[in-house]
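Beneath this line is the structure, given in structure tokens, with notes to follow.
The values are calculated or read from the model by the stated rules, or taken from the named source; none is laboratory data. No experiment lies behind these values; they were computed from the predicted model shown. Quick reminder, even Gly has a Cβ in these numbers, built from the backbone with ideal geometry, and neighbours come from all protein chains shown. For accessibility, only protein heavy atoms count, side chains too; no ligands or nucleic acids. Shrake-Rupley method; radii C 1.70, N 1.55, O 1.52, S 1.80 Å.
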Amino acid sequence: MARAGPPVAVSARGTAGTGATAGSGVGSAGTGGAAIPAQNPRPAAERAAAASILQAGTRSGRITYLTRLPGSPGQPASWPEWVPAELLAALAATGIAAPWQHQAEAAELAAGGQSVILSTGTASGKSLGYLLPALTAVLAGGTVLYIAPTRALAADQVKLVRSLGLSRVRAAVVDGDTPWTERSRARAHANYLLTTPDMLHHSLLPTHARWNGFFRRLRYVVVDECHTYRGVFGSHVAHVLRRLRRVAYHHSAAEPVFVLASATVSEPARCAELLTGRTVRAVGGAGAPRPAMSFALWEPPLTGGRGEAGAPLRRAATTEAAELLASLVREGVPALAFVRSRRGAEAVAQTARRLLADAGADELADRVAAYRSGYLPEERRALEEALRSGEITGLAATTALELGVNVTGLDAVLMAGWPGTRAALWQQAGRAGRSGRDAVAVLIARDDPLDTYLVHHPSALLGAPVEATVLDPDNEYVLTPHLTAAAAELPLTTRDLDSFGMTSARPLAERMTAAGLLRARGGRWFCTRQGLLVRTGLRGTGDWPVRIVERSTGRLVGTVDEPSAHFLAHDGAVYSHQGELYTVSSLDLEDRIALVEGGDPGYTTIAREVTSIEVAAELTRAKWGPATVCFGDVHVTRQVVSYARRSGETGLVIGEDVLDLPERRLTTKAVWWTVSARQRAALAAAGVDLAGAAHAAEHAAIGLLPLVAACDRWDVGGVSADLHPATGRLTVFVYDGHAGGAGFAERGFAAASTWLSATAAAIADCECAAGCPSCVQSPKCGNGNHPLAKDGAVALLRALLTDAPDAGSALAASPVADA
């Protein structure tokens, strides 16, 4: 994304076009090659309407920052000489006259046998970069495996391939929704197979012998939207891809070329190498044209109401998004509002429709809809087509629409809350302007420390690179089930173990052999009957999920993993599934079942947890003068002790109930920091409430960690103490919420100066008097957000940072001997 210039006012006359033209891509899937030129200017009335909304936000004080990001023309290239005439004719028939430079470069590398990652912005036409070598290989008698993170994206991509009309390309989707008859047909006939990592893990690899004909001719593996594979999920997928490599080699004595497509991320080659275990070349610098964009940061006003502990409350980001969406629809501006939850998306669409109906615009109210996961595929396709055709001009969506599913014709994007990463921010913002017209994107802050920090520190968004993908394939808790699965697929060799982890896989295999999960024989490892019982999902933890069952009918509503059940399916919890609300009447963890009753109780619930932590091993540390920052292994004991009920209308706590759930023990990674006894004494002498200061700093640090690590605040937890027994000092811990760690705490340690400097600034800049959800209050605090000392947290963090390295510089760390 272009670096922002100084903030500028947007006049009612709109912004000037860049003069670039953009192709509509192949069919409706938007491969984005250089198109037969066609101007598509936005009507002056629509430009003025979008500008007037930004002007109104500026006048009201809601817009804290507004800038115009310039567009750029495209850089077309020539077709590679090896592309067959049949494929060139099919592309020309859809209006693609030539590839863009980045597409041609990636295609050339892949055709030459080099695995490659194409890391460019939204709507830059990544699809053509992998379709050129992939379809060329299929036409030459090979096969291609396309892997998508979601079923919706796989369905969108199969439509793309089929739209080319290449009779010798037989594309088929095999995922959890595919009937057995269609799976058999795909196994017998498909040469371009589209699937998900979950299906690859649970079905295709365990039954690879039945897919011998497909794997024997496998030439390319396409991994689309690979920036979504992060944390524990990404670590699982990394091992699925390693298992795929050895299965492919078994059937063909050769490994396929990997072609990965990603949003713009930091260190894309490193990301791809962690995922695939192969050396990968990166191609960036999108050559496709990009329209100009007006980008705004929007902070909702205070309501005057009071929340927990008397903290001031801000207007909800979803309420602001609904009003803006209604205004855009009223003015005829095609717009999309991204919302973080399914329920939120439905609420934004419903509120926008009501506002339009109340204004006497019933016809316009019918042009607003919601889009989220849980809809039937035909419902989603109908919504996408309605948005493309203009039948729908306002859509409230979850991240189900963030990935490569193509929708054109949008002029404005609203983001109700920080989407989690800079990569996701620009992925969502890039949905606007996809028809080559100038775009408007608005990030609306939630009542959250990170959101509040970002809308007041725009340089953290516009002047900073996107994040590196965080994953840890060496996590033994993740690796163990994949070694048993791999051994069940084919006996493991020493070479195989090295591909799974040079340092961790061999000793782990020896421990698994001693535990009876593997059996060593003749220099190879075989899976035992006991090993076959080791099962894991890719997107959660625990072997067997907790089933959510409707009490009155016995119908299976859904499932959650066992750790999540403590938070989401405890007695009295309000459980949401596909837009429907249920109240949990009982949770039986032994039988792994939660009974629920349908209906909206008028409130939501949030579990409260208490936590204790022990240091198992300090792996590395950095000295900041008298203060210390550490990273290492920890044992965490957690227990959900109660849950709060919050009004669905006001968000205020209306009651709290005690729970009796068992403790859970977690071995994971953590980053922690301490101040010296002298620093602590100085703070105490200045009147700082030390326990409240540490507690407030812990909450804010958890909220700000996603600034430097590609995580959500719910992926991590924290503990603080005035004097912690493990260190004998005032200490704040932030730990990964997944067994073995997910890489987030390690990233926090590496970027500690940047992270904790931003944390101090976020607390100090908040306009509340004593702490609020925008700075130091946490929605999941097991102590009811008590004690908290906002000013003390600022003083504590500033003391910690006195001798810290400059924010953004590498952290000078040293390993700890005999830790």
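Some notes on this structure:
- Subset of segment 606-657 [of a type in the set (S, T, N, Q) and more than 23 Å from residue 747 (Cα to Cα)]: 639, 642, 647, 650
- Yes/no for residue 244 being hydrophobic (A, V, I, L, M, F, W, C), modelled with pLDDT of 90 or more and open to solvent by less than 10 Å² (accessible area, probe 1.4 Å): yes
- Hits in segment 320-340 (condition: open to solvent by 30 Å² or more (accessible area, probe 1.4 Å) and either touching a helix residue (DSSP H, G or I) at 6+ places or on another chain (Cβ under 7 Å) or over 15 Å from residue 444 (Cα atoms) (or both)): 323, 327, 330, 331, 332
- Of the residues making up segment 748-797, those that are among the charged types (D, E, K, R) and either in a loop (DSSP other than H, G, I, E, B) or within 13 Å of residue 701 (Cα to Cα) (or both) are 767, 780, 790.
- Screening 69, 128 for residues that are touching a strand residue (DSSP E or B) at 6+ places or on another chain (Cβ under 8 Å), hydrophobic (A, V, I, L, M, F, W, C), in contact (Cβ under 8 Å) with a residue 24 or more places away in the chain and under 30 Å from residue 298 (Cα atoms) leaves exactly one candidate, 69.
- Listed by first and then second residue, the pairs with beta-carbon distance under 7 Å, at least 6 apart or on different chains, first residue in segment 445-472 and closer than 17 Å to residue 321 by Cβ, second at pLDDT below 85 and hydrophobic (A, V, I, L, M, F, W, C), are 447/313; 454/460; 454/461.
- Selection within segment 354-373: residues that are surrounded by 15 or more Cβ atoms within 10 Å (Cβ to Cβ) and assigned to a loop (DSSP other than H, G, I, E, B). The member of this set that is modelled with the lowest pLDDT is 373.
- Criterion (out of contact with any Gly (no Cβ under 7 Å at 6 or more places or on another chain), on the phi > 0 side of the Ramachandran plot and not in a strand (DSSP E or B)) met by exactly one of 141, 129, 57: 141
- Subset of segment 697-715 (residues that are modelled with pLDDT of 90 or more, within 18 Å of residue 613 (Cβ to Cβ) and either of a type in the set (A, V, I, L, M) or out of contact with any strand residue (DSSP E or B) (no Cβ under 9 Å at 6 or more places or on another chain) (or both)): 697, 701, 702, 705
Each row is one residue, and each column tells you yes or no for (1) in a helix (DSSP H, G or I); (2) of a type in the set (S, T, N, Q); (3) farther than 25 Å from residue 242 by Cα; (4) open to solvent by less than 40 Å² (accessible area, probe 1.4 Å).
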{"site": "187", "(1), (2), (3), (4)": "yes, no, no, no"}
{"site": "194", "(1), (2), (3), (4)": "no, no, no, yes"}
{"site": "200", "(1), (2), (3), (4)": "yes, no, no, yes"}
{"site": "212", "(1), (2), (3), (4)": "yes, yes, no, no"}
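- Checking each residue in segment 486-514 for being among the small types (Gly, Ala, Ser) and under 18 Å from residue 209 (Cβ atoms) picks out 486, 487, 488.
- For segment 258-273, a residue qualifies if it is within 18 Å of the chain's Cα centre (by Cα) and open to solvent by less than 10 Å² (accessible area, probe 1.4 Å), and the qualifying residues are 260, 261, 262, 263, 271, 272.
- Positions within segment 307-349 being assigned to a helix (DSSP H, G or I) and at pLDDT below 90, in sequence order: 308, 309, 310, 342, 343, 344, 345, 346, 347
- Against the test of being polar (S, T, N, Q) and open to solvent by less than 20 Å² (accessible area, probe 1.4 Å), the options 759, 727, 754 yield a single qualifying residue, 759.
- Residue ID - farthest from residue 594 (Cα to Cα), chosen from residues in segment 564-574 that are open to solvent by 40 Å² or more (accessible area, probe 1.4 Å) and under 22 Å from the mean Cα position of the chain (by Cα): 567
- Residues that are within 27 Å of residue 677 (Cα to Cα) and either assigned to a helix (DSSP H, G or I) or open to solvent by less than 20 Å² (accessible area, probe 1.4 Å) (or both) within segment 704-720 comprise 704, 705, 717, 718, 719, listed in sequence order.
- Scan of segment 175-222 for residues that are under 24 Å from residue 129 (Cα atoms) and of a type in the set (Gly, Ala, Ser), ordered by number: 190
- Any hit, segment 377-394, residues being assigned to a strand (DSSP E or B) and at pLDDT 85 or above: yes
- Neighbours by Cβ (under 9 Å, 6+ apart or cross-chain): first from segment 81-92, touching a residue at least 40 places away in the same chain (Cβ under 8 Å); second among the aromatic types (Phe, Trp, Tyr): 91/79
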